[in-house]
Amino acid sequence: MPGVIDHARGEPARRPRRVGHKGAHALAHGNTAASFDEALRLGVDMIEFDVLPEHEDGSGELLLAHDFVDARARTPLTLAEGLAHLAAPRFAGIELDVDLKLPGYEEAVLAALHDHGLVSRSLISTMEATSLERVRALEPAVRLGWSVPKVRRDYLAHPLTRPVAYGVIGVLRRTLPGQAAAAMREGRVDALMAHWSLVTPRMATAVRDAGGELFVWTVDDAARIATLEAMGVAGIITNDPRLFG
């Protein structure tokens, strides 16, 4: 981002990568070819998408879907179909954030990325510690992102759960910077994918000093995007790429 200074280092800071959540989910249903195309049109640097097995027991095709409700409400792309679309020449240079929703199919995802020549452009992220370990063992060179916190719904969205959520957020803001930095220095992960409520300047500095990258999800507010850009995070994930300045 031109003109921004990384005060911790006294040098110009790189503009954070602009990451389209499920493509451009605010403009076209996420995890679809139309959403990926819209994100590309709006100039993203990276596209995030979700991978889920067809059935809850882990069997069947691998699909591009956020959850089983989403998968059943439409006819989702298979992983192979989605990767074939993203491997097209017009997406050359666009990075991919491949988000694994459950453990158990890491090897199949890596095989599919190899089949489409997309391993070098991909970061594999997940909330599941076992998946992070499995991917690192199978493909040591692939970039790994630890997604936090491990939740399946937004507890800040409901007044009954909001007070407890803020208590947990306070604890994680204190503990996560050190945990993430240790994981990066030990080579267990390369990036932290953190919900915006957890991100502080201390976290941004800890991750950067450990040689890692901090990606922030899911930010649909222009003022918050500007604040995060000033912190020098590595990437900002949004449903609406029009919010990037």
Taking square-rooted eigenvalues a ≥ b ≥ c of the alpha carbon gyration tensor, is the chain rounded, prolate or oblate, where a/c under 1.5 means rounded and, failing that, a/b exceeding b/c means prolate?
-> rounded
Please report the base-10 log of the normalised intensity I(q)/I(0) for the range 93-162, using a Debye sum with one equal scatterer per alpha carbon and no solvent, at each q in 0.23, 0.28, 0.29 (1/Å).
-> -0.96, -1.31, -1.39
Within the range 26-99, trypsin sites (Lys or Arg not before Pro) in DSSP loop having at most 14 other beta-carbon neighbours inside 10 Å | ARG74
Which FRET efficiency value, to the nearest 0.05, do you get for THR200 and ASP154 by plugging their Cβ-Cβ distance into 1/(1 + (r/R0)^6) with R0 = 25 Å?
-> 0.80
Relative contact order of the chain, pairs being alpha-carbon contacts under 8 Å that are 6 or more residues apart, as % | 20
From highest to lowest solvent-accessible area (probe 1.4 Å; ligands, DNA and RNA excluded), GLU107, GLU54 read GLU107, GLU54
Stretchable slack from ALA129 to ALA230, in nm (0.36 nm times residue separation minus alpha-carbon distance) = 33.3 nm
Quick calc of log₁₀ I(q)/I(0), the range 50-98, Debye, one scatterer on every Cα, no solvent, q values 0.15 1/Å, result -0.42
With 0.36 nm assigned to each residue of separation and the Cα-Cα distance removed, ASP115 to VAL171 gains 16.0 nm
Which residue, PRO76, PRO140, PRO53, tops the fluctuation ranking in a GNM of the chain built on C-alpha contacts under 10 Å?
-> PRO140
So, by mean Cβ neighbours within 10 angstrom, what's the order for 191-201, 61-71 with the highest one leading?
-> 191-201, 61-71
Would you look at the GNM of the chain, springs on alpha carbons closer than 10 Å, and say which of ALA80, ALA222, ALA165 moves the most?
-> ALA165
Return the calculated 222 nm mean residue ellipticity for the chain, to the nearest 500 deg cm²/dmol, obtained by summing -39500 (n - 2.57) across DSSP H runs with n ≥ 4 and dividing by the residue count.
-> -10500 deg cm²/dmol
Write down the percent of antiparallel bridges among all DSSP beta bridges whose residues are both part of the chain, to the nearest 5.
-> 15
State the answer as a single residue: which of TYR105, THR218, ALA26 lies farthest towards the positive end of the charge dipole of the chain, with beta carbon charges of +1 for Lys and Arg and -1 for Asp and Glu, about the Cα centre.
-> THR218
Cα pair distances in the range 115-245, grouped into 5 Å bins until the bin that holds the longest one, percent each | 2, 10, 19, 21, 21, 15, 8, 3, 1, 0
Enumerate the calculated ³J(HN,Hα) couplings along the range 18-30 in order (Karplus 6.51 cos²θ - 1.76 cosθ + 1.60, θ = phi - 60°), each rounded to whole Hz, writing x wherever the residue is Gly or Pro.
-> 8, 10, x, 6, 6, x, 9, 4, 5, 10, 8, 3, x
Enumerate the amide H contacts of HIS195 below 5 Å, restricted to partners 5 or more residues apart or on another chain; note that Pro and chain-start residues carry no placed amide H.
-> VAL148, TRP217
For the range 45-158, how big is the tail of P(r) above 23 Å, as a whole percent of Cα pairs?
-> 27
Residue list for the range 83-101, given a label point 7 angstrom along the Cα-to-Cβ vector of LEU138 and an amide N cut-off under 16 Å | 83, 98-101
The answer for the range 7-96, accessible area per residue at 1.4 Å probe in Å², is 46
Could you please state, rounded to a whole Å, how far the C-alpha centre of the range 209-245 is from the C-alpha centre of the range 147-207?
-> 14
In what sequence, highest mean first, do 236-244, 204-212 appear when ranked by Cβ atoms within 10 angstrom?
-> 236-244, 204-212
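The values are calculated or read from the model by the stated rules, or taken from the named source; none is laboratory data. Since the model is a prediction, treat every value here as computed from it, not as a measurement. Here the Cβ is made from the backbone with ideal geometry for all residues, glycine too, and neighbour counts use every protein chain on show. Accessible surface is based on the protein model in full, side chains and every heavy atom, while ligands, DNA and RNA are left aside. Shrake-Rupley method; radii C 1.70, N 1.55, O 1.52, S 1.80 Å.
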